[in-house]
Amino acid sequence: MERADEYLLDQNLNTMDEEQLKALRHFLFEERIALINERRAQEEFYEKFMDERISFREEMKQLNSKVLQERKRLKDEQAFFDKKLAILQNGFASLEMDRKAFQREKDAYEKKIEGLKTEIRGETVVSSGLFAGVGSYLALRKRYKELLRIFHPDNLDGDNNMSLLIKEEYEKIREKF
């Protein structure tokens, strides 16, 4: 096919006059210049593209590096958070155990106090077990002050009713001395 095109071109060139050949040369020259300019533009575009590609790859490397650093930082923070959480959970478990132990002690103490209460003629009074072994007025007074220090309503575990019962029992026993 190319040979046929060349043959037709040769036939056309032979039939052209000098002016047409000159115009054709000028056209071919301009086309060649345009092609050279187009090639330069493509080469510049290619170089620019390659520069941008290299720049893009470097940016991607930097971003990947930052992403890896952030992942590592997040992993470290997660591990730190998990440790803090474990410490808090252990602390709460310990507090719960302490609370239960305290409640057991409080219940045992309340049972002991209930054992010391007796009912006489519809009134609940503290048995003289609180003042057992008291042989003198001074010993009675000392025991009374000790019991009030323990059961006074202003104390954390103080009980107003208990302090009133201790006072009533003290008054009854004091009358005997």
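None of the figures in this text is laboratory data; all of them are computed from the coordinates on show. Not measured: the values here are computed from a predicted model. Here the Cβ is made from the backbone with ideal geometry for all residues, glycine too, and neighbour counts use every protein chain on show.
The figures follow:
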item	result
Verdict on residue 27 being of a type in the set (Phe, Trp, Tyr) and more than 60 Å from the chain's Cα centre (by Cα)	yes
Residue within the stretch 137-156 that is of a type outside the set (S, T, N, Q), touching a residue at least 40 places away in the same chain (Cβ under 8 Å) and crowded, with 16+ Cβ neighbours inside 10 Å present	no
Condition met for residue 106 (among the basic types (Lys, Arg) and either in contact with a helix residue (DSSP H, G or I) (Cβ under 6 Å, 6 or more places away or on another chain) or farther than 30 Å from residue 165 by Cα (or both))	no
